[in-house]
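The values are calculated or read from the model by the stated rules, or taken from the named source; none is laboratory data. Every value quoted in this text rests on a predicted model; they were computed, and no experiment measured them. Keep in mind that these areas ignore ligands, DNA and RNA; they rest on the heavy atoms of the full protein, side chains included. Shrake-Rupley method; radii C 1.70, N 1.55, O 1.52, S 1.80 Å.
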Amino acid sequence: MINFDDYTFLYNADAHFKAMERYPDGFFTEILRSDLAGFNAVCWGLAELSLQGELLRRFQGMDKKEYLTEAKVRSMLTIPEMPDAVKTLIDAINKGMKVEDDGEEIDEVLMELQKKTDTNTTEQNI
């Protein structure tokens, strides 16, 4: 389990251009997928945005803290945490892009993702 409040997530220019290079069809679209490709994008995104956030903290003279690595995210992220992970990424992207959001559209997307996650979990348990 990951406590997302323990980390600083930053979507800056470096993260943006890395995401564009890695996901030419769109990072935002990729993290909303409910398959292995979506999981891979979420793991990469959490690790990259956590690293960027920690680098900024250190450049600001703050004490070093742990940041997420992709391997750590892969081993710690649980299926029920996926909607929170996606929301964490969406919030960081919106903040980094200075996008104002009313929360309604994101909530709808997250509810749909939660339904898919619940359905996939139920099917796997059968």
In Å², nearest 10: area of T29 left accessible to a 1.4 Å probe: 90 Å²
Per-residue HN-Hα couplings for the stretch 15-28 [Karplus 6.51, -1.76, 1.60; θ = phi - 60°; Hz; x = Gly/Pro]: 5, 4, 6, 5, 5, 4, 5, 6, 10, x, 7, x, 5, 4
Calculated from backbone phi, Karplus (6.51, -1.76, 1.60) coupling profile of the stretch 41-51 in Hz, x at Gly/Pro: 5, 5, 4, 4, x, 4, 5, 5, 5, 5, 4
